[in-house]
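Input: a single structure, listed below in structure tokens.
None of the figures in this text is laboratory data; all of them are computed from the coordinates on show. These numbers come from a predicted model, not from an experiment. We place every Cβ from the backbone using ideal geometry, glycine too, and count neighbours over all the protein chains shown.
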Amino acid sequence: MTLARRIIPCLDVDAGRVVKGIEFEGLRDMGDPAELGARYNREGADELVVLDISASVQGRATFLETIRRVAEQLNIPLTAGGGIRKMEDGRAVLRAGADKVTVNTAAVERPELISELSQQFGAQAVVLSLDVKRKGDSWEAYTRGGRDATGLDAAEWAAEAVSRGAGEILVTSIDRDGTCSGFDCELTAKIAATVPVPVIASGGASTFEDFLSVYTDGCADAALAASIFHQETRSISALKKFLAERGVPIRLSR
């Protein structure tokens, strides 16, 4: 049985507000996270991701109150991350209302964190957030909100994370982020061919055709976007209808 592809809006949160930039820079205010979460819940989003983008940079824990406020508005799964450095941080995020936690910087610095979270909460609750930039014919993983190069090959790191217990990979192309130039389907297909778990594509969505391409050419299980939804230039229900008409297995909006 073919699993339905998922549409996932993303809320990048800084100081309790949703922000959006281009290639992780030039952030501008996009609104209140709870209000946007409620809107996406009504519109038929399959899941929601909330990322505290300042947490790993400034060493702060994820804003648990923001997670609580957003979770109260949802009847769909919520993934949250930012500043999760130890198992207790993950537990606090899940208790605040998230269904999954996502880790990036701390997992690169101490890969055992993935195993600890997976053993405690289950692989289905652990998402590796993989921020990457193209480097020749491959891609390099970055940490701290796209600031620091790690020297790690993105596909190899994704495979290691899965071996340690990650149940899903969220791969973001920093080169495409906020540019509205379309997903990097080559990147997503590379990660999807490397790991046996679901892959979420992120970075660059602008048109319905971009989503169609990342599900077909990019082999993605889910597609995450921010700008296209925050600015209300495209509705989730219309996107789902477009995809269904072209043979993509999708859960049609209520």
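The label point for residue 68 and the one for residue 135, both projected 7 Å from the Cα toward the Cβ, are 4.1 nm apart. Ranking 51, 79, 34 by Cα position along the charge dipole of the chain, where only Lys, Arg, Asp and Glu carry charges on their C-beta atoms, puts 34 farthest toward the positive end. Under a 5 Å amide H cut-off, with hydrogens placed 1.01 Å from N, residue 50 pairs with 11, 79, 80, 81 among residues at least 5 apart or on other chains.
In region 26-148, inverting the average of 1/r over every pair of distinct C-alpha atoms gives 15.0 Å as the Kirkwood radius. The residue 179 and residue 119 beta-carbon pair, evaluated with R₀ = 30 Å, returns a calculated FRET efficiency of approximately 0.20. 3J(HN,Hα) along region 44-53, derived from phi through the Karplus expression 6.51 cos²θ - 1.76 cosθ + 1.60 where θ = phi - 60°, amounts to x, 4, 7, 8, 9, 10, 10, 10, 7, 6 Hz, with x in place of Gly and Pro. For the chain, leaving out every one of the GluC sites (Glu not before Pro) that falls in a DSSP loop and has at most 12 other Cβ atoms within 10 Å, the longest unbroken run is 73-231. Computed from point charges on the beta carbon alone (+1 for Lys and Arg, -1 for Asp and Glu), the dipole magnitude for region 119-254 about its Cα centre is near 460 Debye.
Dividing the helix sum by the residues of the chain, where each DSSP H run of 4 or more adds -39500 (n - 2.57), gives a mean residue ellipticity at 222 nm of -9500 deg cm²/dmol.
In percent, rounded to a whole number, the relative contact order of the chain is 19, using alpha-carbon pairs under 8 Å and six or more apart. Under 5 Å from the amide H of residue 195 lies no amide H of any residue 5 or more positions distant or on a separate chain, with H modelled from the backbone and absent for Pro and chain starts. Rounded to whole numbers, the Karplus 3J(HN,Hα) couplings from phi for region 72-84 are 5, 8, 10, 10, 10, x, 10, 10, 9, x, x, x, 7 Hz, using 6.51 cos²θ - 1.76 cosθ + 1.60 with θ = phi - 60°, and x at Gly and Pro.
So what is log10(I(q)/I(0)) for region 6-245 at q = 0.10, 0.17 1/Å, when the Debye sum runs over its Cα atoms only? These q points yield log10 I(q)/I(0) values of -0.39, -1.29.
Net charge dipole, the chain: roughly 620 debye, given to the nearest 20, about the Cα centre with Cβ charges of +1 for Lys and Arg and -1 for Asp and Glu.
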